[in-house]
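Heads up: the structure comes next, in structure tokens.
The values are calculated or read from the model by the stated rules, or taken from the named source; none is laboratory data. Being a predicted model, the structure only gives us computed values, none of them experimental. Counting neighbours? That spans all protein chains shown, and the Cβs are built from the backbone with ideal geometry, glycine included.
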């Protein structure tokens with residue numbers, strides 16, 4: 001049985017699939033949360049980011065080439081405003097002496113200390129054995145609007 005991930009600002013989830021390498025659905029499903037319009041879809045193009053305050057929590061919403069993503073705006077390391085960091089890729093596991101770049105547009109790097117998080121899952125990439133993650137939220141295009149469920 002794997003350890004439960006710690007999530008900045010939210011209680012632990014019952015899903016132990018963290019670290020499996022597979023994207024999992026956002027922690028907060030639409031049926032459990034309120035609908036918040038982020039922007040008109042045609043005004044929220046690739047590279048767009050918005051930080052919203054929802055019920056006392058700051059949530060960053062991003063559109064990258066890889067899709068729409070939403071994460072809690074708090075790094076579990078020292079509470080930095082995570083969603084102000086760059087969206088980028090990262091080096092992937094590879095053979096010794098080989099450096100392979102990947103996950104372009106799927107990695108959010110903390111602006112204070114450089115910790116990296118997978119935008120799809122919120123899982124920290126800096127140390128997969130720590131099982132730390134940031135809360136993720138469902139965000140999608142709906143009737144010409146970018147909508148966050150939180």
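At a glance:
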read-out	value
Residue that is nearest to the chain's Cα centre (by Cα) [pool: residues in segment 54-71 that are under 14 Å from residue 119 (Cβ atoms) and assigned to a loop (DSSP other than H, G, I, E, B)]	66
Residues of segment 25-53 satisfying the condition of being part of a loop (DSSP other than H, G, I, E, B) and at pLDDT below 95	25, 26, 27, 29, 33, 34
Strands (runs of 3 or more DSSP E) wholly inside segment 72-132 that include at least 3 residues being under 12 Å from the mean Cα position of the chain (by Cα) and over 16 Å from residue 48 (Cα atoms)	116-118
Subset of segment 80-130 [in contact (Cβ under 8 Å) with a residue 60 or more places away in the chain and at positive phi]	122
Residue, surrounded by the fewest Cβ atoms within 10 Å (Cβ to Cβ), within segment 133-144, restricted to residues that are out of contact with any helix residue (DSSP H, G or I) (no Cβ under 6 Å at 6 or more places or on another chain) and not in a loop (DSSP other than H, G, I, E, B)	142
